[in-house]
Structures are given as C-alpha cells and as structure tokens.
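Just below is one structure, and these are the notes that go with it.
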Amino acid sequence: MNKTGTSDLKYLFNPRSIAVIGASRTPGKIGHDLLKNIVEYGFKGEIYPINPVADEILGYKAYPSIKHVPGEVDVAIIVVPVDKVTSVARECGEKGVKFLVVITSGFGEVGNVEAEEELLKIAREYNMRILGPNIFGYTYTPVRLNATFGPRDVLEGPIAFISQSGALGIALMGWTIMEEIGLSAIVSVGNMIDLDVVDISKYLAEDLNTRVITIYLEGLKPNTGFKFIEEMKKVTKKKPVIVIKAGRTTKGMVAVASHTGSLAGTDHLYNAAFKQAGIIRAYTIEEMFDYARLFATQSIPRGDRTLIITNGGGVGVIATDVAEETNVPLLSPSSDLISKLRETMPWFGSPKNPVDLTGQAGVDNYVKALKIAFESKEVDNIVLLYCRTAILDPRDLAKAVAELYNDYRDTGKPIVAGFVGGLDVREAISILNRSGIPAYPSPERAVSSLSKLLEYRSYLLKNK
Ligand code: COA
C-alpha cells in the first residue's frame, strides 16, 4: 500500500491528475515520450495531453489548452519551447494547477534570466510551485508515476535520487535498472528557480517509502549555503543523505558554472558544510549507490565492533586494511568466542578476526560461523567475504546465507558481503542483494560502505 508524506509537496508526489502541455503526436519527441512513460509505467490518476491540434494522443483525449480540461489538475508538465512557457504557465495559474514541472531548456542556464523571473512571478501570483526548468522530469514509484523522458521501467525500492544534472540523471536511471537498485523517487531539479534540493530532501525525509536520499549536486545558489546546512541537518536526523558533489577541481568548477549556472564553490567549503550537516560524501557514482544500497537495507548498529568472516586469507587482509583506513574497528574476539568459532573450521583455519574458514569451507562452515556472529553480543557488524573456489558454488552459499538471514534480520545487526570471482559470483551477489544483504564484487567496496554506516552512526550519536 502506498504511504504518503504530509508536507505541502504531497500533490507533486501523489497527484490525482496530470496534464502534459506540449504532448506531441510524434514518437521520439520529448513531449510524446514523456507522456508515453506516464501511461506505460502505470499511473492511475487522470492524464490530460494538451496539444492545440491533436484530438487524441496515445489513446487519451487531447485538449487544445489546459483551460479546456474538465477536471482539476494537480501537476502540469510543461514541454513547449521557451517562448511559450510563460503564457501556458499563466493559463495553468488561472486553472488552479498546483505544480508546474518545466522540462523546457533555454532559461538561466543560457543567461535567459528574465524568462525565469517572469515564470517565477506568475507562479507566485497563482500560488503554484515550480520544479525546474531545464529538467528531465520526476518519478515516484509508489504511485507508478514516471513523468520523465528517461528509461521507463524504474525498479521500486527505498532509495530516492535527486539530480541537478539532467543527462547524467537519465543515464543513472538506466544504470539503477541494470544494477537492480530499487528507487522510490527520482527528481530532476535543474535550474531550481523555486523548489530546490533542500525542499525535495525535506519532503523525502518524511516520506515513508524512502529510506535513504542520494543527491548529485553541482552547486548551490549564491547565499544559500547557511540555509542548506541548517535544513539538511534536520533531514539527516531522519534519513541518511549521500551526496556526490561535482566540480571539485578548478576546471570542474568552470564547467559547473556553464552547465546549471550554480556556484561550484571551493571544495573544502562544501566538505565542511557536508560534515556539519551530517551528509555522507561519495566521490564516484559507484560509491554513491554502494552506500545507498547498504543504507537502504541495514539499520544503525548498536556498536562499531566488526567481525570479518572469509574463506580466503587475501581478501581478509585487504578488508582489514580498508577497515583500518576507514575507521571500522575490528573486534578482538574473546576466548569464549574464539573457541566457538574454532568449531566452525578445519584445524588449519583461524578463529581470530578475520575469521578464516579456509579455501576448504563449504556452506555449512559459513552458516555455523554466521550464526555465532549473529548471536554473539560482542559482534555489532558482520563482513562476509567469499573467494570463488571449485568446491563451493557461490550461488549455493548466497541462497543459504539469504535463508539464514531471515532468522536474524530482526536483530538489526548489519551484515555486508564482498564476493569475488566470475559470472556465477555475480549471480550470487544478485541473490544476496534481493534478500536484503548489501553485496559487492570486492572486499573494499563492502567495507567502505559499512564505514559510511558507522560514520553516520557516530554523527547521530554526537548530534542527538
Ligand atoms: N500548448 C500545448 N501544446 C503546444 C503548444 C501550446 N501552447 N504549442 C505547441 N504545442 C505542441 C506542438 O504542436 C507540439 O506537438 P506536435 O509535435 O504534435 O505538433 C508539441 O507541443 C511540442 O512543441 P514543439 O514546438 O514541436 O517543440 P519541441 O518538441 O521541438 O521542443 C522542448 C519542446 C520543450 C522539448 C524543447 O524546447 C526543449 O526545451 N528541449 C530541451 C529539453 C531538455 O533537454 N530539458 C532538460 C533535460 S535535462
């Protein structure tokens, strides 16, 4: 069942009706493909294509203008060229539309500030809010709304993604499908003349379908840094926020200025702001979604003592290095725990941390060791590592771990997996991810992701 948020953006994310102004008859045009996504992704509310010359588009009755629509309209998606935007926006205001989602480019990002100011003035006059302009649209999967001209079959899940870049946002929509990452919302914010990253984050912080917020940020508008920190502090108290900030280098900053017209600012200022606001910073797209995958499924642990369980000494050592470098404290097991763990491995294994079940380990060894780790009061977090061996099919291991996890999920003890090997390992990773265990193809990515959960935990403890 869909659960809704309570803030004033409720009807943006849960519209009862949507008009697409500039819905085109021609496949391949943005106004056509966006309407097609709304229809085919399965939106259940009213859909009104607006086109001055068409009677019907994609099976829906078309109206020559928004004024001719019989019912109320919560959201109008605007896909007409820039010189027509203000006149259709005024008509929307007269109609009582609540939100304008302006796809059209050719505003502030190319110096056309007057058009932006005029649009904002109309919105204020009629009490409408604006998303955009210069955006690829937005998606809210719990109500099967895909009002973008990006890929259609976005997977449902608890990760929200806000993007200041259009093309990258669209590309990442496709990437999340490929990587089986489930999303609650995708919001393109573009020039942010009204609704900005903070407004959307605040709404999603209250949204019961969202567990973690990811943001691709290029920069903030001038003089909004203080507001950003103060407001995002409130957001991170409720939900983890992961930001990938572009424009880190001098040349990158120049590129940002010409892209969305935002101030990239000095990178160390952003770093300080993120730290103060409790925002987790990612440096690559891969990192952002790695961390999000973990936050989407795992709870904040009771403590930070971490146990590594592996069948390969090498990956255990790599994981140990990364743990030390990223402030993940490795548990020194008590003699009692050591003797219990010793029972799970051949005599030449190691019950210390990393717990090395050896290359001879089968499903049974892993299951026994994992049970002990889940039940031990000494262990707060578990890192499960596996290297492909001929004697243990990774898919069998993944299935057994997923089944075992059903009995321990409610303990809230975080577990993260790093499986290394070939194609069948990829399948195993997929099995684990589907069962709610964040899994990665390397020990480094598993431990780094866990380190972000611990970083967030310590921020929350310090900022109660
Ligand atoms: N009300 C409703 N529909 C109208 C209209 C009006 N006042 N005036 C024109 N239209 C219709 C057109 O007839 C056309 O439909 P048709 O193809 O069936 O004839 C449709 O709206 C689109 O108008 P058109 O003039 O063909 O524009 P376009 O499709 O070439 O371009 C944009 C419109 C918005 C896509 C384009 O101006 C633009 O901004 N593109 C960039 C978008 C972008 O990249 N955004 C950022 C992403 S990150």
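The values are calculated or read from the model by the stated rules, or taken from the named source; none is laboratory data. Bear in mind the structure is a predicted one, so any value in this text is a computation, not a measurement. Please note: Cβ atoms are built from the backbone with ideal geometry, for glycine as well, and neighbour counts cover all protein chains shown. Side chains are part of the model used for accessible areas, which takes the heavy atoms of the whole protein and leaves out ligands, DNA and RNA. Shrake-Rupley method; radii C 1.70, N 1.55, O 1.52, S 1.80 Å.
Brief remarks on what is shown
- Of the candidates Y48, Y41, the single residue that is closer than 29 Å to A160 by Cα and under 22 Å from the mean Cα position of the chain (by Cα) is Y41.
- Residues satisfying the stated conditions in region 152-167, i.e. of a type in the set (G, A, S), outside any helix (DSSP H, G or I) and either open to solvent by 70 Å² or more (accessible area, probe 1.4 Å) or within 14 Å of the ligand (Cβ to nearest atom) (or both): S163, S165
- Residue within region 285-297 that is within 22 Å of S442 (Cβ to Cβ), modelled with pLDDT of 95 or more and of a type in the set (K, R) present: yes
- Residues in region 405-419 that are crowded, with 20+ Cβ neighbours inside 10 Å and more than 15 Å from T297 (Cα to Cα): G418, F419.
- Hits in region 22-56 - residues which are at positive phi, within 14 Å of the ligand (Cβ to nearest atom) and surrounded by fewer than 22 Cβ atoms within 10 Å (Cβ to Cβ): G28
- Residue in region 144-151 that is assigned by TED's automatic domain parsing to the domain that holds K29, at pLDDT 95 or above, within 12 Å of the ligand (Cβ to nearest atom) and aliphatic (A, V, I, L, M) present: no
- Verdict on L100 being in a helix (DSSP H, G or I), closer than 23 Å to G31 by Cβ and within 14 Å of the ligand (Cβ to nearest atom): no
- Residue-level check: of (1) in contact with a helix residue (DSSP H, G or I) (Cβ under 8 Å, 6 or more places away or on another chain); (2) open to solvent by less than 40 Å² (accessible area, probe 1.4 Å), F149 misses just (2).
- Flag if L120 is within 19 Å of L100 (Cα to Cα), more than 16 Å from the ligand (Cβ to nearest atom) and surrounded by fewer than 21 Cβ atoms within 10 Å (Cβ to Cβ): yes
Residues checked against (1) more than 21 Å from K452 (Cβ to Cβ); (2) modelled with pLDDT of 95 or more; (3) open to solvent by 10 Å² or more (accessible area, probe 1.4 Å):
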position	(1), (2), (3)
V315	no, yes, yes
I318	no, yes, yes
L330	no, yes, yes
P346	yes, yes, yes
S350	yes, yes, yes
P354	no, yes, yes
I382	no, yes, no
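- Test: residue in region 94-115 that is within 27 Å of E218 (Cβ to Cβ), crowded, with 22+ Cβ neighbours inside 10 Å and hydroxyl-bearing (S, T, Y): yes
- Condition met for G132 (open to solvent by less than 40 Å² (accessible area, probe 1.4 Å), within 17 Å of I200 (Cβ to Cβ), assigned by TED's automatic domain parsing to the domain that holds F43 and in contact with a Gly (Cβ under 7 Å, 6 or more places away or on another chain)): yes
- Among (1) open to solvent by 60 Å² or more (accessible area, probe 1.4 Å); (2) of a type in the set (S, T, N, Q); (3) within 28 Å of E156 (Cα to Cα), the one test that S87 misses: (3)
- Of all residue pairs spaced 6 or more apart or on separate chains, those with beta-carbon atoms under 8 Å, a first member in region 70-85 that is in the same structural domain as V97 (by TED's automatic domain parsing) and a second member that is within 9 Å of the ligand (Cβ to nearest atom) and hydroxyl-bearing (S, T, Y) are I78/T104; V79/S24; V79/T104; V80/T104; P81/T104; V82/T104; V82/S105; V85/T104.
- Residue match in region 64-75 (condition: within 14 Å of the ligand (Cβ to nearest atom) and polar (S, T, N, Q)): yes
- Within region 195-214, being more than 16 Å from the ligand (Cβ to nearest atom), open to solvent by less than 20 Å² (accessible area, probe 1.4 Å) and not in a helix (DSSP H, G or I) holds for D207, T210, V212, I213, T214.
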